[in-house]
1. Of all beta bridges DSSP finds with both residues in the chain, what is the antiparallel percent, to the nearest 5?
2. At most 12 other C-beta atoms within 10 Å and a DSSP loop state: those are the exposed GluC sites (Glu not before Pro) I care about. Give me the longest piece of the chain that has none.
3. Below 8 Å between Cα atoms, with a sequence gap of 6+, how large is the relative contact order for the stretch 50-129 in percent?
4. Measuring from the lowest to the highest alpha carbon on each principal axis, how far does the stretch 268-384 reach, largest first, in angstroms?
5. If you average 1/r over all unlike Cα pairs in the chain and invert the result, what Kirkwood radius do you get in angstrom?
6. Assuming R0 = 35 Å, can you tell me the calculated FRET efficiency for the pair residue 119 and residue 330, based on Cβ-Cβ distance, to the nearest 0.05?
7. I need the peptides 59-70, 280-291, 77-88 ranked by packing, meaning the mean over residues of other C-beta atoms within 10 angstrom, with the highest value on top.
8. 222 nm [θ] for the chain, helices only, -39500 (n - 2.57) per DSSP H run of 4+, per residue, to 500?
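The numbers here are math on the coordinates, done by the rules we state, and not lab data. Source: prediction; values computed, not measured. All Cβ positions, glycine included, derive from the backbone under ideal geometry; neighbour counts span all protein chains shown.
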Amino acid sequence: MTPTLPIPVVLAGVHGHGRSHLRTLQRLSEQGIVRLVGVCDPRPVPPSLLDGFGSVTYSPDLSDVLRTTGAAITILVTPIHTHLPLARTALEHGSHLLVEKPPTATLAEFEELCTAVALSGLACQVGFQSLGSSAVAAVRSLIADGAIGAVRGIGGAGTWIRTSAYYERAAWAGRRRLDGRDVVDGALTNPFAHAIITALAVADAEGAVSGPIELELFHAHAIESDDTSCVRFRSSTGVPISIAVTLCAAEHRPPQLVVHGETGRIIFEYTLDRVTLDRDSADPVTTVYPRTGLMENLVAHITREVPLLVPPEATRGFMTVLEAVRCAPDPRPIPESAQQVSVTAEGTRRIVSGIDELVHRSASHIALFSELDAPWASMTEVAP
């Protein structure tokens, strides 16, 4: 039976990133598209967070909320290692899913999620917002039309700032494992996960990974996972892709993908939906493209059979890289002598000396840190 508007929705995970979902739900509620009927969180939810939503059921138990509300969609904004069990709970209650990225903490769990979704006959959307941008198709069209000649490779660069407070916000933050469970919450697999999956989407319609995956994982903060890392692999069409990222930058900039061609390059700032065509024979041309929200797309899918933008299968290439990160040796610490450390109101800030330039050089040359003579870098090769 096809649900009718407004679609009843349950949000699991209200604090932190869940607040951005509340803002989206507020907007869609005002448009008559959805109706927030329940929230689930182990911590009490301040009534002020739910202002304007009317009567909303609360419980720390997702089964209770779903049984009480009969919600047609469940949004999971919970720790990575809880995604699979909570997804199973939602599917067992007949609820479609929007699950935040990464969809699971391991490739084996991902296969279980895909199977559970297929057997349920319900929809599952994975929260890679960048794949909702029409800029992805625009970049692919530019490549297909030969705008920059034959593609030599794609380099990604991400330089963000996160203080110690980012890792103190939750027990699972910055962890590779917690209580015997894989978490894999590192810079490559969580905050900059969009760089990996968007690069794959630009390079190949199937978004698949081919060949060995080369990894260099490091941390400046006192965490288990990586906060400064690079990875290199190939798409299934053979395009080399490198992604270099840090959460210990001197300057916070929008991340970008650079598609290198024989006669120019395409710069894709995926958080801004902004594409710059920079050809050797002409002045650069910049275009900003519209984006479709993943929640709107999920509602359109279950009410009008519009294709999903990010079904689980579309994230398999990303999950192949995540699995390589999970199975790799633990990230190595960056020496204190290569850092600038300061204490701010937001927590301890660590800047890896020269990292901003190093990350962008990696994107320019599709190179690993060790190949660019970073003194603290070494390479590990992991088979996918």
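1. 60
2. 1-250
3. Details: 105 pairs, mean separation 21.8, N = 80.
Computed over the stretch 50-129, the figure is 27 percent.
4. Rounded to whole Å, the extents work out to 57, 43, 40 Å.
5. The answer is 21.5 Å.
6. For R0 = 35 Å, the calculated efficiency reads 0.45.
7. On the way: 59-70: 17.3, 280-291: 11.1, 77-88: 20.8.
Going from most to least packed, we get 77-88, 59-70, 280-291.
8. -8000 deg cm²/dmol
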